[in-house]
2 protein chains.
Amino acid sequence: MKRVKMIVAYEGTNYCGFQIQPNAITIEEVLNKKLFELLNEPIKVIGASRTDSGVHAMGNVAVFDTNTRIPGEKIAFALNRILPEDIRIQGSCEVAPDFHPRFCNTRKTYEYKIVNRTFPIPTLRNIAHFEHYPLDIKRMQEAASYLVGEHDFRSFATAKLQVESTVREIYSLTVEEVGDMIVIRVIGNGFLYNMVRIIAGTLMEIGMKRLDPDILPAMIKGCDRSLAGPTAPAKGLTLVSIEYV
Amino acid sequence: MKRVKMIVAYEGTNYCGFQIQPNAITIEEVLNKKLFELLNEPIKVIGASRTDSGVHAMGNVAVFDTNTRIPGEKIAFALNRILPEDIRIQGSCEVAPDFHPRFCNTRKTYEYKIVNRTFPIPTLRNIAHFEHYPLDIKRMQEAASYLVGEHDFRSFATAKLQVESTVREIYSLTVEEVGDMIVIRVIGNGFLYNMVRIIAGTLMEIGMKRLDPDILPAMIKGCDRSLAGPTAPAKGLTLVSIEYV
(Lines give C-alpha, C1' and ligand atoms only; values in the text may rest on other atoms or scores of the structure.)
Protein backbone atom coordinates (compact mmCIF):
# COMPACT_ATOMS: atom_id res chain seq x y z
CA MET A 1 0.00 0.00 0.00
CA LYS A 2 1.33 3.43 -0.90
CA ARG A 3 0.01 7.01 -0.87
CA VAL A 4 0.12 8.96 -4.13
CA LYS A 5 -0.13 12.74 -4.37
CA MET A 6 -1.45 14.35 -7.58
CA ILE A 7 -1.50 17.95 -8.81
CA VAL A 8 -4.95 18.38 -10.36
CA ALA A 9 -5.88 20.99 -12.99
CA TYR A 10 -9.40 21.51 -14.29
CA GLU A 11 -11.78 23.91 -15.93
CA GLY A 12 -14.62 24.02 -13.41
CA THR A 13 -17.33 25.13 -15.87
CA ASN A 14 -18.95 21.71 -16.22
CA TYR A 15 -18.59 20.58 -12.59
CA CYS A 16 -20.42 21.28 -9.35
CA GLY A 17 -17.13 21.92 -7.58
CA PHE A 18 -14.56 19.48 -6.23
CA GLN A 19 -16.36 17.70 -3.42
CA ILE A 20 -18.64 14.70 -3.99
CA GLN A 21 -22.35 15.42 -3.69
CA PRO A 22 -25.52 13.60 -4.71
CA ASN A 23 -27.08 14.25 -8.15
CA ALA A 24 -24.24 16.40 -9.48
CA ILE A 25 -20.95 15.71 -11.23
CA THR A 26 -17.88 16.78 -9.27
CA ILE A 27 -14.11 16.58 -9.82
CA GLU A 28 -13.69 14.21 -6.85
CA GLU A 29 -16.25 11.79 -8.24
CA VAL A 30 -14.60 11.73 -11.69
CA LEU A 31 -11.14 11.15 -10.14
CA ASN A 32 -12.44 8.25 -8.01
CA LYS A 33 -14.21 6.67 -10.98
CA LYS A 34 -11.29 7.01 -13.39
CA LEU A 35 -8.73 5.80 -10.80
CA PHE A 36 -10.91 2.74 -10.24
CA GLU A 37 -10.95 2.18 -14.00
CA LEU A 38 -7.15 2.54 -14.15
CA LEU A 39 -6.12 0.64 -10.99
CA ASN A 40 -8.95 -1.87 -10.65
CA GLU A 41 -9.40 -1.18 -6.94
CA PRO A 42 -11.81 1.13 -5.12
CA ILE A 43 -10.16 4.56 -4.67
CA LYS A 44 -11.22 7.48 -2.50
CA VAL A 45 -9.17 10.60 -3.11
CA ILE A 46 -8.69 13.26 -0.42
CA GLY A 47 -8.65 16.75 -1.93
CA ALA A 48 -6.75 19.73 -0.53
CA SER A 49 -9.24 22.38 -1.58
CA ARG A 50 -12.98 21.96 -2.09
CA THR A 51 -13.30 24.52 -4.86
CA ASP A 52 -16.82 25.75 -5.58
CA SER A 53 -18.95 25.09 -8.63
CA GLY A 54 -17.47 26.85 -11.67
CA VAL A 55 -14.10 27.60 -10.01
CA HIS A 56 -10.98 26.44 -11.91
CA ALA A 57 -7.67 25.00 -10.74
CA MET A 58 -4.18 24.66 -12.10
CA GLY A 59 -2.76 23.26 -8.87
CA ASN A 60 -5.29 21.61 -6.59
CA VAL A 61 -3.86 18.60 -4.74
CA ALA A 62 -5.39 15.17 -4.16
CA VAL A 63 -3.96 12.07 -2.51
CA PHE A 64 -5.10 8.45 -2.46
CA ASP A 65 -3.92 5.05 -1.22
CA THR A 66 -3.33 2.21 -3.65
CA ASN A 67 -1.81 -1.24 -4.01
CA THR A 68 -0.87 -0.68 -7.64
CA ARG A 69 2.61 -1.47 -8.93
CA ILE A 70 2.45 1.51 -11.30
CA PRO A 71 5.15 3.94 -10.07
CA GLY A 72 3.78 7.13 -8.49
CA GLU A 73 5.20 9.39 -11.22
CA LYS A 74 3.51 7.35 -13.98
CA ILE A 75 -0.01 7.73 -12.56
CA ALA A 76 -0.37 11.26 -14.03
CA PHE A 77 0.30 10.07 -17.59
CA ALA A 78 -1.87 6.96 -17.33
CA LEU A 79 -4.79 8.78 -15.72
CA ASN A 80 -4.72 11.66 -18.23
CA ARG A 81 -5.33 9.15 -21.02
CA ILE A 82 -8.79 8.31 -19.63
CA LEU A 83 -9.84 11.57 -17.94
CA PRO A 84 -12.24 13.99 -19.71
CA GLU A 85 -10.23 16.75 -21.37
CA ASP A 86 -11.32 19.45 -18.91
CA ILE A 87 -9.38 17.65 -16.13
CA ARG A 88 -5.61 17.07 -16.46
CA ILE A 89 -3.19 15.80 -13.82
CA GLN A 90 -0.07 18.00 -13.77
CA GLY A 91 2.17 15.51 -11.97
CA SER A 92 2.09 12.70 -9.42
CA CYS A 93 4.48 11.13 -6.92
CA GLU A 94 4.55 8.83 -3.91
CA VAL A 95 4.37 10.57 -0.51
CA ALA A 96 4.60 9.50 3.14
CA PRO A 97 1.55 7.43 4.20
CA ASP A 98 0.61 10.02 6.82
CA PHE A 99 0.70 13.01 4.42
CA HIS A 100 -2.71 14.73 4.51
CA PRO A 101 -3.35 17.49 1.94
CA ARG A 102 -5.59 19.54 4.26
CA PHE A 103 -4.03 19.21 7.71
CA CYS A 104 -0.70 20.79 6.79
CA ASN A 105 0.71 24.29 6.70
CA THR A 106 0.27 25.60 3.18
CA ARG A 107 0.84 28.62 1.04
CA LYS A 108 -2.01 28.97 -1.46
CA THR A 109 -2.07 31.13 -4.57
CA TYR A 110 -5.31 32.20 -6.25
CA GLU A 111 -5.95 34.37 -9.30
CA TYR A 112 -9.13 36.28 -10.08
CA LYS A 113 -9.37 37.30 -13.76
CA ILE A 114 -11.50 40.15 -15.11
CA VAL A 115 -12.02 41.05 -18.78
CA ASN A 116 -12.50 44.83 -18.52
CA ARG A 117 -13.45 46.33 -21.89
CA THR A 118 -16.50 47.38 -23.88
CA PHE A 119 -17.21 43.93 -25.38
CA PRO A 120 -16.73 40.40 -23.98
CA ILE A 121 -14.12 38.07 -25.51
CA PRO A 122 -15.79 34.77 -26.48
CA THR A 123 -12.75 32.55 -25.81
CA LEU A 124 -12.43 33.89 -22.25
CA ARG A 125 -16.12 33.68 -21.35
CA ASN A 126 -15.76 30.70 -18.98
CA ILE A 127 -12.46 31.54 -17.32
CA ALA A 128 -12.76 35.26 -16.57
CA HIS A 129 -15.44 37.59 -15.21
CA PHE A 130 -16.58 40.26 -17.70
CA GLU A 131 -17.00 43.87 -16.51
CA HIS A 132 -17.60 46.61 -19.11
CA TYR A 133 -17.49 49.47 -16.59
CA PRO A 134 -13.88 50.80 -16.55
CA LEU A 135 -11.91 49.73 -13.47
CA ASP A 136 -9.26 52.06 -12.03
CA ILE A 137 -6.35 49.70 -11.31
CA LYS A 138 -4.43 52.23 -9.18
CA ARG A 139 -7.37 52.46 -6.75
CA MET A 140 -7.63 48.66 -6.62
CA GLN A 141 -3.88 48.39 -5.89
CA GLU A 142 -4.14 50.94 -3.07
CA ALA A 143 -7.07 49.07 -1.51
CA ALA A 144 -5.24 45.74 -1.90
CA SER A 145 -2.29 46.98 0.13
CA TYR A 146 -4.49 47.27 3.26
CA LEU A 147 -5.41 43.58 3.08
CA VAL A 148 -1.83 42.29 3.14
CA GLY A 149 -0.72 40.93 6.52
CA GLU A 150 -2.40 39.02 9.36
CA HIS A 151 -6.00 40.11 9.92
CA ASP A 152 -9.33 38.81 11.11
CA PHE A 153 -11.00 38.43 7.70
CA ARG A 154 -14.51 37.81 9.02
CA SER A 155 -15.87 40.67 6.84
CA PHE A 156 -14.57 38.77 3.81
CA ALA A 157 -16.17 35.39 4.48
CA THR A 158 -19.62 34.12 3.59
CA ALA A 159 -21.49 33.81 6.88
CA LYS A 160 -21.41 30.11 7.67
CA LEU A 161 -21.13 28.36 11.03
CA GLN A 162 -17.49 29.27 11.67
CA VAL A 163 -16.15 27.18 14.52
CA GLU A 164 -12.52 27.94 13.75
CA SER A 165 -10.65 31.20 13.84
CA THR A 166 -11.22 33.72 11.06
CA VAL A 167 -7.68 35.10 11.31
CA ARG A 168 -5.58 34.52 8.20
CA GLU A 169 -2.39 35.96 6.74
CA ILE A 170 -2.15 37.36 3.22
CA TYR A 171 1.48 37.39 2.07
CA SER A 172 0.90 39.22 -1.19
CA LEU A 173 -2.03 40.72 -3.10
CA THR A 174 -1.38 42.28 -6.50
CA VAL A 175 -3.59 43.79 -9.22
CA GLU A 176 -2.09 43.83 -12.72
CA GLU A 177 -3.08 44.26 -16.33
CA VAL A 178 -2.13 41.12 -18.27
CA GLY A 179 -3.10 41.32 -21.95
CA ASP A 180 -6.87 41.77 -22.18
CA MET A 181 -7.39 41.05 -18.49
CA ILE A 182 -7.00 42.50 -15.02
CA VAL A 183 -5.53 39.79 -12.80
CA ILE A 184 -5.88 39.89 -9.01
CA ARG A 185 -3.30 37.52 -7.54
CA VAL A 186 -3.36 36.64 -3.85
CA ILE A 187 -1.03 34.45 -1.82
CA GLY A 188 -1.81 33.48 1.77
CA ASN A 189 -1.61 30.79 4.43
CA GLY A 190 -5.28 29.96 4.02
CA PHE A 191 -8.57 31.47 2.93
CA LEU A 192 -12.05 31.55 4.47
CA TYR A 193 -15.12 30.45 2.53
CA ASN A 194 -15.55 32.73 -0.55
CA MET A 195 -12.79 35.01 0.76
CA VAL A 196 -10.96 35.50 -2.56
CA ARG A 197 -14.22 36.15 -4.43
CA ILE A 198 -15.33 38.70 -1.80
CA ILE A 199 -11.93 40.41 -1.97
CA ALA A 200 -12.28 40.51 -5.80
CA GLY A 201 -15.83 41.87 -5.55
CA THR A 202 -14.72 44.53 -3.07
CA LEU A 203 -11.72 45.58 -5.18
CA MET A 204 -14.01 45.89 -8.22
CA GLU A 205 -16.39 48.20 -6.29
CA ILE A 206 -13.37 50.34 -5.46
CA GLY A 207 -12.13 50.21 -9.07
CA MET A 208 -15.56 51.49 -10.17
CA LYS A 209 -15.33 54.32 -7.60
CA ARG A 210 -18.38 53.15 -5.66
CA LEU A 211 -16.15 52.83 -2.58
CA ASP A 212 -12.87 54.52 -1.58
CA PRO A 213 -9.65 52.55 -1.11
CA ASP A 214 -9.11 53.91 2.42
CA ILE A 215 -12.37 52.34 3.60
CA LEU A 216 -10.51 49.01 3.83
CA PRO A 217 -9.14 49.32 7.41
CA ALA A 218 -12.67 49.99 8.79
CA MET A 219 -14.05 47.18 6.64
CA ILE A 220 -11.54 44.74 8.15
CA LYS A 221 -12.00 46.01 11.71
CA GLY A 222 -15.81 45.80 11.54
CA CYS A 223 -15.77 42.00 11.27
CA ASP A 224 -19.10 42.14 9.46
CA ARG A 225 -19.75 40.59 6.02
CA SER A 226 -22.18 43.38 5.10
CA LEU A 227 -19.34 45.94 5.14
CA ALA A 228 -17.46 44.32 2.22
CA GLY A 229 -18.40 44.21 -1.46
CA PRO A 230 -20.33 41.49 -3.31
CA THR A 231 -19.00 37.98 -3.95
CA ALA A 232 -17.53 38.05 -7.46
CA PRO A 233 -18.73 35.28 -9.84
CA ALA A 234 -17.07 31.86 -9.53
CA LYS A 235 -15.85 31.58 -13.12
CA GLY A 236 -13.21 34.32 -12.64
CA LEU A 237 -11.43 32.33 -9.90
CA THR A 238 -8.53 29.89 -10.36
CA LEU A 239 -6.67 28.02 -7.62
CA VAL A 240 -3.16 28.39 -9.02
CA SER A 241 -1.05 26.41 -6.55
CA ILE A 242 -0.77 24.91 -3.08
CA GLU A 243 2.71 24.71 -1.57
CA TYR A 244 3.35 22.61 1.51
CA VAL A 245 5.68 24.52 3.83
CA MET B 1 -31.15 51.29 -46.93
CA LYS B 2 -27.72 51.37 -45.35
CA ARG B 3 -24.72 49.02 -45.17
CA VAL B 4 -23.43 48.11 -41.70
CA LYS B 5 -19.98 46.67 -41.01
CA MET B 6 -19.42 44.53 -37.91
CA ILE B 7 -16.25 43.20 -36.25
CA VAL B 8 -17.11 39.63 -35.28
CA ALA B 9 -15.37 37.60 -32.54
CA TYR B 10 -16.13 33.97 -31.83
CA GLU B 11 -14.83 30.77 -30.35
CA GLY B 12 -15.09 28.38 -33.28
CA THR B 13 -15.26 25.16 -31.22
CA ASN B 14 -19.00 24.65 -31.61
CA TYR B 15 -19.32 25.80 -35.24
CA CYS B 16 -18.61 24.28 -38.64
CA GLY B 17 -16.75 27.41 -39.69
CA PHE B 18 -18.08 30.76 -40.88
CA GLN B 19 -19.78 29.98 -44.17
CA ILE B 20 -23.35 28.70 -44.39
CA GLN B 21 -23.68 25.02 -45.25
CA PRO B 22 -26.47 22.46 -45.04
CA ASN B 23 -26.91 20.35 -41.89
CA ALA B 24 -24.31 22.18 -39.81
CA ILE B 25 -24.34 25.26 -37.60
CA THR B 26 -22.09 28.07 -38.84
CA ILE B 27 -21.33 31.61 -37.67
CA GLU B 28 -22.90 33.14 -40.80
CA GLU B 29 -26.16 31.30 -40.20
CA VAL B 30 -26.36 32.42 -36.57
CA LEU B 31 -25.65 36.05 -37.55
CA ASN B 32 -28.38 36.01 -40.23
CA LYS B 33 -30.89 34.46 -37.85
CA LYS B 34 -30.16 36.80 -34.94
CA LEU B 35 -30.11 39.90 -37.17
CA PHE B 36 -33.53 38.87 -38.51
CA GLU B 37 -34.72 38.53 -34.92
CA LEU B 38 -33.34 41.97 -34.06
CA LEU B 39 -34.29 43.93 -37.20
CA ASN B 40 -37.40 42.10 -38.36
CA GLU B 41 -36.22 41.94 -41.99
CA PRO B 42 -34.39 39.17 -43.87
CA ILE B 43 -30.63 39.73 -43.57
CA LYS B 44 -27.78 38.11 -45.48
CA VAL B 45 -24.35 38.98 -44.12
CA ILE B 46 -21.24 38.96 -46.31
CA GLY B 47 -18.21 37.73 -44.39
CA ALA B 48 -14.62 38.78 -45.02
CA SER B 49 -13.01 35.48 -44.10
CA ARG B 50 -14.56 32.01 -44.32
CA THR B 51 -12.73 30.58 -41.34
CA ASP B 52 -12.71 26.78 -41.09
CA SER B 53 -14.47 24.59 -38.57
CA GLY B 54 -12.93 25.05 -35.12
CA VAL B 55 -10.96 28.19 -36.04
CA HIS B 56 -11.52 31.24 -33.79
CA ALA B 57 -11.71 34.96 -34.53
CA MET B 58 -11.28 38.19 -32.63
CA GLY B 59 -11.61 40.36 -35.74
CA ASN B 60 -13.49 38.78 -38.60
CA VAL B 61 -15.60 41.30 -40.56
CA ALA B 62 -19.16 40.99 -41.84
CA VAL B 63 -21.38 43.51 -43.59
CA PHE B 64 -25.12 43.56 -44.33
CA ASP B 65 -27.75 45.88 -45.77
CA THR B 66 -30.70 47.01 -43.68
CA ASN B 67 -33.56 49.46 -43.52
CA THR B 68 -33.42 49.72 -39.74
CA ARG B 69 -33.39 53.07 -37.97
CA ILE B 70 -31.05 51.68 -35.29
CA PRO B 71 -27.78 53.64 -35.68
CA GLY B 72 -24.88 51.56 -37.04
CA GLU B 73 -22.83 51.85 -33.83
CA LYS B 74 -25.72 50.54 -31.70
CA ILE B 75 -26.11 47.29 -33.67
CA ALA B 76 -23.15 45.67 -31.82
CA PHE B 77 -24.71 46.22 -28.39
CA ALA B 78 -28.22 45.18 -29.44
CA LEU B 79 -27.04 42.07 -31.29
CA ASN B 80 -24.76 40.92 -28.45
CA ARG B 81 -27.78 40.76 -26.16
CA ILE B 82 -29.31 37.95 -28.24
CA LEU B 83 -26.24 36.15 -29.64
CA PRO B 84 -24.97 32.92 -28.03
CA GLU B 85 -22.10 33.72 -25.68
CA ASP B 86 -19.44 32.19 -27.93
CA ILE B 87 -20.08 34.94 -30.53
CA ARG B 88 -19.60 38.61 -29.62
CA ILE B 89 -19.65 41.63 -31.94
CA GLN B 90 -16.68 43.90 -31.14
CA GLY B 91 -18.05 47.00 -32.83
CA SER B 92 -20.29 48.13 -35.71
CA CYS B 93 -20.65 51.17 -37.94
CA GLU B 94 -22.25 52.35 -41.16
CA VAL B 95 -20.06 52.06 -44.30
CA ALA B 96 -20.35 53.08 -47.96
CA PRO B 97 -22.99 50.99 -49.80
CA ASP B 98 -20.34 49.64 -52.18
CA PHE B 99 -17.94 48.49 -49.44
CA HIS B 100 -17.27 44.77 -49.91
CA PRO B 101 -15.32 42.99 -47.14
CA ARG B 102 -13.61 40.51 -49.52
CA PHE B 103 -12.86 42.53 -52.67
CA CYS B 104 -10.58 45.05 -50.99
CA ASN B 105 -6.91 45.29 -50.19
CA THR B 106 -6.42 44.05 -46.66
CA ARG B 107 -3.79 43.38 -44.08
CA LYS B 108 -4.72 40.26 -42.08
CA THR B 109 -3.25 39.14 -38.77
CA TYR B 110 -3.47 35.54 -37.57
CA GLU B 111 -2.15 33.87 -34.42
CA TYR B 112 -1.41 30.19 -33.98
CA LYS B 113 -1.16 29.17 -30.30
CA ILE B 114 0.69 26.12 -28.98
CA VAL B 115 0.75 24.88 -25.37
CA ASN B 116 4.22 23.29 -25.22
CA ARG B 117 4.74 21.49 -21.90
CA THR B 118 4.52 18.03 -20.37
CA PHE B 119 0.81 18.23 -19.48
CA PRO B 120 -2.13 19.96 -21.22
CA ILE B 121 -3.84 22.95 -19.57
CA PRO B 122 -7.61 22.26 -19.35
CA THR B 123 -8.72 25.91 -19.75
CA LEU B 124 -6.73 26.25 -22.99
CA ARG B 125 -7.83 22.95 -24.56
CA ASN B 126 -10.11 24.52 -27.19
CA ILE B 127 -8.08 27.60 -28.12
CA ALA B 128 -4.53 26.25 -28.41
CA HIS B 129 -2.87 23.19 -29.91
CA PHE B 130 -1.10 20.96 -27.33
CA GLU B 131 2.38 19.61 -28.10
CA HIS B 132 4.32 17.86 -25.32
CA TYR B 133 7.50 17.41 -27.38
CA PRO B 134 9.79 20.40 -26.60
CA LEU B 135 9.90 22.99 -29.39
CA ASP B 136 13.09 24.93 -30.03
CA ILE B 137 11.83 28.50 -30.53
CA LYS B 138 15.15 29.77 -31.93
CA ARG B 139 14.95 27.27 -34.79
CA MET B 140 11.32 28.22 -35.47
CA GLN B 141 12.26 31.91 -35.56
CA GLU B 142 15.09 31.24 -38.00
CA ALA B 143 12.77 29.27 -40.30
CA ALA B 144 10.10 31.97 -40.04
CA SER B 145 12.47 34.62 -41.35
CA TYR B 146 12.66 32.87 -44.75
CA LEU B 147 8.89 33.13 -45.21
CA VAL B 148 8.71 36.90 -44.81
CA GLY B 149 8.34 38.79 -48.09
CA GLU B 150 6.58 38.16 -51.40
CA HIS B 151 6.67 34.51 -52.44
CA ASP B 152 4.69 31.93 -54.37
CA PHE B 153 3.26 30.04 -51.36
CA ARG B 154 1.90 27.08 -53.36
CA SER B 155 3.81 24.64 -51.09
CA PHE B 156 1.86 26.07 -48.15
CA ALA B 157 -1.66 25.68 -49.52
CA THR B 158 -4.01 22.71 -49.42
CA ALA B 159 -4.24 21.44 -53.00
CA LYS B 160 -7.55 22.78 -54.26
CA LEU B 161 -8.53 24.05 -57.70
CA GLN B 162 -6.48 27.26 -57.57
CA VAL B 163 -7.56 29.54 -60.38
CA GLU B 164 -5.98 32.63 -58.91
CA SER B 165 -2.35 33.40 -58.24
CA THR B 166 -0.65 31.72 -55.30
CA VAL B 167 1.71 34.66 -54.74
CA ARG B 168 1.21 36.43 -51.40
CA GLU B 169 3.23 38.78 -49.25
CA ILE B 170 3.97 38.13 -45.59
CA TYR B 171 4.83 41.41 -43.82
CA SER B 172 5.81 39.87 -40.51
CA LEU B 173 6.05 36.39 -38.96
CA THR B 174 7.11 36.09 -35.32
CA VAL B 175 7.42 33.20 -32.87
CA GLU B 176 7.28 34.15 -29.18
CA GLU B 177 6.75 32.60 -25.78
CA VAL B 178 3.73 34.23 -24.11
CA GLY B 179 2.98 32.78 -20.68
CA ASP B 180 2.29 29.06 -21.05
CA MET B 181 2.11 29.27 -24.85
CA ILE B 182 4.20 29.64 -27.97
CA VAL B 183 2.46 32.15 -30.23
CA ILE B 184 3.13 32.26 -33.98
CA ARG B 185 1.90 35.63 -35.26
CA VAL B 186 1.70 36.30 -38.99
CA ILE B 187 0.66 39.45 -40.84
CA GLY B 188 0.16 39.46 -44.61
CA ASN B 189 -1.86 40.82 -47.52
CA GLY B 190 -3.75 37.56 -47.88
CA PHE B 191 -3.46 33.86 -47.19
CA LEU B 192 -4.10 30.75 -49.30
CA TYR B 193 -6.36 27.96 -48.08
CA ASN B 194 -4.89 26.46 -44.86
CA MET B 195 -1.71 28.53 -45.36
CA VAL B 196 -1.31 29.66 -41.74
CA ARG B 197 -1.96 26.16 -40.39
CA ILE B 198 0.58 24.66 -42.82
CA ILE B 199 3.14 27.31 -41.83
CA ALA B 200 2.46 26.47 -38.16
CA GLY B 201 2.77 22.72 -38.84
CA THR B 202 6.03 23.27 -40.72
CA LEU B 203 7.50 25.50 -37.99
CA MET B 204 6.62 22.86 -35.38
CA GLU B 205 8.44 20.14 -37.38
CA ILE B 206 11.47 22.43 -37.38
CA GLY B 207 11.06 23.19 -33.66
CA MET B 208 11.08 19.42 -33.01
CA LYS B 209 14.28 19.07 -35.11
CA ARG B 210 12.65 16.83 -37.70
CA LEU B 211 13.54 19.41 -40.35
CA ASP B 212 16.24 22.09 -40.52
CA PRO B 213 15.38 25.81 -40.69
CA ASP B 214 17.45 26.34 -43.86
CA ILE B 215 15.25 23.91 -45.79
CA LEU B 216 12.67 26.72 -46.12
CA PRO B 217 14.00 28.36 -49.34
CA ALA B 218 13.87 25.01 -51.21
CA MET B 219 10.43 24.31 -49.72
CA ILE B 220 9.11 27.61 -51.08
CA LYS B 221 10.83 27.24 -54.45
CA GLY B 222 9.52 23.71 -55.01
CA CYS B 223 5.88 24.89 -55.21
CA ASP B 224 4.73 21.47 -54.01
CA ARG B 225 2.50 20.91 -50.97
CA SER B 226 4.28 17.64 -50.12
CA LEU B 227 7.50 19.52 -49.34
CA ALA B 228 5.99 21.42 -46.38
CA GLY B 229 4.98 20.11 -42.96
CA PRO B 230 1.53 18.88 -41.87
CA THR B 231 -1.51 21.14 -41.46
CA ALA B 232 -1.65 22.06 -37.76
CA PRO B 233 -5.02 21.48 -36.02
CA ALA B 234 -7.72 24.15 -36.49
CA LYS B 235 -8.26 24.92 -32.79
CA GLY B 236 -4.86 26.63 -32.45
CA LEU B 237 -5.73 29.26 -35.07
CA THR B 238 -7.28 32.68 -34.43
CA LEU B 239 -8.03 35.37 -37.03
CA VAL B 240 -6.93 38.39 -34.99
CA SER B 241 -7.77 41.30 -37.29
CA ILE B 242 -8.47 42.47 -40.83
CA GLU B 243 -7.41 46.00 -41.72
CA TYR B 244 -8.67 47.63 -44.90
CA VAL B 245 -5.78 49.52 -46.48
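The values are calculated or read from the model by the stated rules, or taken from the named source; none is laboratory data. This one's a predicted model, so the numbers in the text were calculated from it and none came from an experiment. Note that we place each Cβ from the backbone using ideal geometry, even for glycine, and neighbour counts take in every protein chain shown. The area values use the complete protein model at the heavy-atom level, side chains included, leaving out ligands, DNA and RNA. Shrake-Rupley method; radii C 1.70, N 1.55, O 1.52, S 1.80 Å.
Within region A:1-52, the trypsin sites (Lys or Arg not before Pro) that combine a DSSP coil assignment with at most 15 other C-beta atoms in a 10 angstrom radius are A:44.
When the Cα positions of B:144, A:182, B:232 are compared along the charge dipole of the protein assembly as shown, B:232 comes out farthest toward the positive end, with charges on each C-beta of Lys, Arg, Asp and Glu.
Restriction of the trypsin sites (Lys or Arg not before Pro) in region A:129-230 to DSSP coil positions whose beta-carbon has at most 15 other beta-carbons within 10 angstrom yields A:160, A:209, A:210.
Restriction of the chymotrypsin sites (Phe, Trp or Tyr not before Pro) in region A:45-118 to DSSP coil positions whose beta-carbon has at most 13 other beta-carbons within 10 angstrom yields A:103.
Straightening the chain between residue A:137 and residue A:245 buys 35.7 nm, computed as 0.36 nm per residue apart minus the Cα-Cα spacing. Axis angle, to the nearest 10 degrees, between helix B:137-147 and the longest C-alpha principal axis of chain B: 70 degrees.
Working note: Karplus 6.51/-1.76/1.60 with θ = phi - 60° gives region B:32-49 the couplings 4, 5, 6, 5, 4, 4, 6, 9, 6, 8, x, 10, 10, 6, 10, x, 7, 10 Hz, where Gly and Pro are set to x.
State the dimensionless ratio Rg/Rh of the protein assembly as shown (Rg: radius of gyration of Cα atoms; Rh: Kirkwood radius).
Rg/Rh: 1.01.
For the residue pairs B:34/B:113; B:108/B:235; A:5/A:108; B:5/B:33, alpha carbon separations beyond 26 Å are given by B:34/B:113. Taking Cα centre as origin and charging only the Cβ of basic (Lys, Arg, +1) and acidic (Asp, Glu, -1) residues, the dipole magnitude of region A:2-95 rounds to 300 debye.
Could you work out what % of the accessible surface of the protein assembly as shown is carbon and sulfur, using a 1.4 angstrom probe and leaving DNA, RNA and ligands out of the count?
Values: 11400 of 22490 Å².
The computed percentage sits at 51.
In debye, nearest 20, what is the charge dipole magnitude of the protein assembly as shown about its Cα centre with +1 on Lys and Arg Cβ and -1 on Asp and Glu Cβ, if you could check?
Taking the Cα centre of the protein assembly as shown as origin, the dipole is about 540 debye.
With its label point put 7 Å out from Cα toward Cβ, residue A:33 sits 3.0 nm from the same residue's point in the other copies, in order from shortest. Residues within the reach of a label modelled at residue A:225 (point 7 angstrom out along Cα to beta-carbon, backbone nitrogen below 11 Å), restricted to region A:160-190, are A:160-162. For the pair A and B, the buried accessible area comes to roughly 2000 Å² in total, with a 1.4 Å probe and the value rounded to the nearest 100.
Nearest to the axis that brings chain A onto chain B is this chain A residue, judged by its Cβ, with the distance in whole Å: A:179, 4. With R₀ set to 51 Å, the beta-carbon distance separating residue B:208 from residue B:70 gives a calculated FRET efficiency near 0.50. A dipole drawn for region B:24-143 from +1 and -1 charges on Cβ atoms has a positive end, and of B:49, B:66, B:124 the residue lying farthest that way is B:124.
If you take all other residues with their beta carbon under 12 Å from the beta carbon of residue B:5, and give Lys and Arg +1 and Asp and Glu -1, the sum is -1. The charge dipole of chain B, taken about the Cα centre with unit charges on the Cβ atoms of Lys, Arg (+1) and Asp, Glu (-1), comes to about 320 debye, rounded to the nearest 20. Couplings for region A:196-203, taken from phi via the Karplus curve 6.51 cos²θ - 1.76 cosθ + 1.60 with θ = phi - 60°, read 5, 5, 6, 4, 4, x, 5, 4 Hz in order; Gly and Pro are left as x.
Residues of region A:70-107 that bury at least 40 Å² of accessible area when the other protein chains are present, relative to the chain alone (probe 1.4 Å, heavy atoms, ligands and nucleic acids excluded): A:77, A:85, A:88, A:90. Seen from all directions on average, region B:106-244 presents a Cα convex hull projection of 8.0 nm². Listed values for region A:110-126 are Karplus-derived 3J(HN,Hα) couplings in whole Hz (6.51 cos²θ - 1.76 cosθ + 1.60, θ = phi - 60°), namely 10, 10, 10, 9, 10, 8, 10, 7, 5, 10, x, 9, x, 6, 9, 4, 9, and x replaces Gly and Pro. Take the Cα of residue B:118, step 7 Å toward its Cβ, do the same at residue A:189, and the gap between the two points is 3.1 nm. In nanometers and ordered shortest first, the copy-to-copy spacing of the residue B:172 label point, defined 7 Å from Cα toward Cβ, is 3.1. Distances between copies at residue A:50, taken between label points 7 Å from Cα along the C-beta direction, are 5.4 nm in increasing order. Think of a 1.4 Å ball rolled over the protein heavy atoms: the protein assembly as shown then has 46 Å² of accessible area per residue.
Extension gain, residue A:99 to residue A:167, is 22.0 nm, computed as 0.36 nm per intervening residue step minus the present C-alpha separation.
Would you calculate a helix-derived [θ] at 222 nm for chain A, using -39,500 (n - 2.57) for each DSSP H run of n ≥ 4 and dividing by the full residue count, to the nearest 500?
Helices in chain A give a 222 nm mean residue ellipticity of -6500 deg cm²/dmol.
What FRET efficiency do you get for residue B:50 and residue A:85 if R0 is 25 Å and r is their Cβ-Cβ distance, rounded to the nearest 0.05? Once rounded, the FRET efficiency stands at 0.35. The label-point distance for residue A:159 and residue B:37, in a model that sets each label 7 Å from Cα toward Cβ, rounds to 4.0 nm.
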